[in-house]
Structure formats: structure tokens, C-alpha cells
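Step one of this worksheet: look at the structure below.
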Amino acid sequence: MAYRALADLVLIVHFAFVLFVIFGGVLALRWPRVAWIHLPVALYGAAVEFVGFVCPLTPLEVGLRQRGGQAGYAGGFIHHYITSAIYPTGLTRQVQFILGAALIVLNVVVYSYRWRRRAMTLR
């Protein structure tokens, strides 16, 4: 039972991490120091999509589920929990590249806005 609870905790942390990768730039608008954490995390998230490797939290969760008597799953976190709900036909490399590019574009827009706003206040 403890392994299942730990697997669920890893799932929650992983989901929060993905949300931070996507929306952390918005937090940086309010709290600029968040950018020092978010930028490397966002680059890591984009690299996961572009290169196609599996985040270390995925095998940790799968291993904990298996130790807890549950079935593990193949593939990555995004594919298992998110993509399977959004794209029922499966995650392709093309979709991964689109997700990675969208992540970069979103963050370039948010940080550009932030830097322009800061430059205006310094004048």
C-alpha cells in the first residue's frame, strides 16, 4: 500500500512539474526570481520532447506501482496520462516536435513581454 501511495505522490509531483514547465513563465511575470528556476526546467521539458527520452520520474512511478502490486505502463508520462486523453491514436514524433516548439514559443512570448515591461519601468 505504501508503494502505491508513493507512486501516486510521484504522479502528482510529475504532473506539477509538467504544469510548471508549461506555465512557469506566467509565474515569473509576478515573481521574477522564478525565472531562474523555470528557464532551465522549460529547456529540459523541451529537450524531452525534441530528443524523445523518458523523464526519470516515469520509471520511478512505474517501479513503485509494480512493487505495490499494480501494473506498470510502457512509454512516458505524457503519453500515458495526457496524450492518451488528448490524442487517442498515440504520440508520434511529429506531435512531440510540435509540443516542444509550442513550449518554446509560449515561453519566448511570456519572457519577451516580461523583459519589455521591465525595460519600460527602468526608463
Residues of region 91-123 classified as over 19 Å from E49 (Cα atoms) and not in a helix (DSSP H, G or I), total: 1
Pick from region 83-109, criterion surrounded by 15 or more Cβ atoms within 10 Å (Cβ to Cβ) and within 28 Å of V34 (Cα to Cα), ranking: modelled with the lowest pLDDT: T83
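Which one is most open to solvent (accessible area, probe 1.4 Å), of the residues in region 49-61 that are without any contact (Cβ under 8 Å) to a residue 24 or more places away in the chain and in a helix (DSSP H, G or I)? Explain how you work it out, then say what you get.
Here is the first cut: in region 49-61, the residues without any contact (Cβ under 8 Å) to a residue 24 or more places away in the chain are 51, 53-54, 56, 59.
Right, trim to in a helix (DSSP H, G or I) and you get 51, 59.
Numbers: V51: 102, P59: 76 Å².
Here the residue is V51.
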Pairs where the first residue, in region 1-23, is open to solvent by 50 Å² or more (accessible area, probe 1.4 Å) and the second is assigned to a helix (DSSP H, G or I), C-beta under 6 Å, 6+ apart: Y3/L64; Y3/R67; L6/L64
Set H38, H80: member being at pLDDT 85 or above, part of a helix (DSSP H, G or I) and surrounded by 13 or more Cβ atoms within 10 Å (Cβ to Cβ): H38
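The values are calculated or read from the model by the stated rules, or taken from the named source; none is laboratory data. As the structure is a prediction and not an experimental result, all values here were calculated from the model. In this analysis, Cβ positions are derived from the backbone assuming ideal geometry, glycine residues included, and neighbour counts consider all displayed protein chains. All accessible areas refer to the heavy atoms of the entire protein, side chains included, with ligands and DNA or RNA removed. Shrake-Rupley method; radii C 1.70, N 1.55, O 1.52, S 1.80 Å.
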